[in-house]
Amino acid sequence: MGKLIVIGIGPGDYENMTVKADRALASCDVIVGYHVYVDLVKDRYPHKEFMTTPMTREAQRCQMALDAAMAGKTVAMVCSGDSGIYGMAALIYELRGEKQEPEIQVIPGLTAACSGAALLGAPLTHDFAVISLSDRLTSWEKIEARLDAAAKSDLSMVLYNPASHGRPDHLRRACEILLRTLPKDRPCGIARNIGREGEDYTLLSLEELRDTKVDMFCTVFIGNAMSRIITDRLVTPRGYTDV
């Protein structure tokens, strides 16, 4: 019987992949994933068998991986960022159900909240919320309630999937919800193409963020009441200097 390893590959560059993830990919027979993520690792592991599906074919992709493992192969399912944070680990377990085979192993990776925060400075030193703005699997009403609750709780926030061709105005809508509670000058940041060609970041206010164009390669950060800009970096103090 084979084995299925669900691997978070981080933002995509080898330097930000864990040693454990690299070893697992080097030892597997098959690498499965969304074609964009497979392309990020294909050159480093050229002699593997590769299986891909397009976006929105997550269940098909995971079933392909399970079937290959059931056929006796060691299979790596690659996920951008972390394998469990908006990754495929939960779906793999769901599809296997109560069966004991194939064996499943989950290897974590560096999610965009961590790698983007490092690019911006240190915006997540205190409690924070991670919220996806994609309403493909979660209703907008529920997303709105979570944004509102995070704002009222004075949590720093990380917004994943801020826009796409099918939902170009979701970030604007999210900012309008947050502006009901938060001040217009709340410091925010956008991390783009983290760990890839074209990596950069922008610091701006919440009011400016509302009218800023973003895409699926952006991760958005919103500070809490303590957050501020220090030498061109977004920083959220935890309060150590006040003790």
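The values are calculated or read from the model by the stated rules, or taken from the named source; none is laboratory data. Quick caveat, the model's predicted, so the values are computed rather than measured. Methodologically, a virtual Cβ is constructed for each residue, glycine included, from the backbone with ideal geometry; neighbour enumeration extends over all protein chains shown. Each accessible area value is taken on the protein alone, full model and side chains, heavy atoms only, with ligands, DNA and RNA left out. Shrake-Rupley method; radii C 1.70, N 1.55, O 1.52, S 1.80 Å.
Listed values, structure above:
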read-out: Long-range HN-HN contacts of Asn224 with modeled amide H, under 5 Å; value: Ser156
read-out: Built amide H within the under 5 Å cut-off of Ala122, gap 5+; value: Leu234, Val235, Thr236
read-out: For the stretch 93-236: accessible area per residue (Å², 1.4 Å); value: 51 Å²
read-out: Distance in nm between pseudo-label sites at Lys20 and Glu197 (7 Å out along the Cβ direction from Cα); value: 3.2 nm
read-out: Separation between Cα centres of the stretch 17-79 and the stretch 189-207, rounded to whole Å; value: 28 Å
read-out: Ranked packing of 221-230, 15-24, 73-82, most packed first, by mean Cβ within 10 Å; value: 73-82, 221-230, 15-24
read-out: Rounded if a/c under 1.5, otherwise prolate or oblate - the stretch 16-106, Cα gyration tensor axes; value: rounded
read-out: Extreme residue, positive dipole direction of the stretch 28-120, given options His35, Pro108, Leu91 (C-beta unit charges); value: His35
read-out: Too-long pairs where the Cα-Cα distance tops 30 Å, listed order kept, from Lys48/Lys99; Lys3/Lys42; Lys99/Lys142; Lys142/Lys184; Lys142/Lys213; value: Lys99/Lys142
read-out: ³J(HN,Hα) computed for each position of the stretch 102-115 - Karplus, 6.51 cos²θ - 1.76 cosθ + 1.60, integer Hz, glycine/proline x; value: x, 5, 10, 10, 10, 10, x, x, 7, 6, 4, 4, 6, 5
read-out: From phi via Karplus (6.51, -1.76, 1.60), per-residue ³J(HN,Hα) for the stretch 8-17 in Hz, x at Gly/Pro; value: x, 9, x, x, x, 8, 4, 4, 9, 9
read-out: Hull shadow area, averaged, the stretch 52-148 [alpha-carbon convex hull, nm²]; value: 8.1 nm²
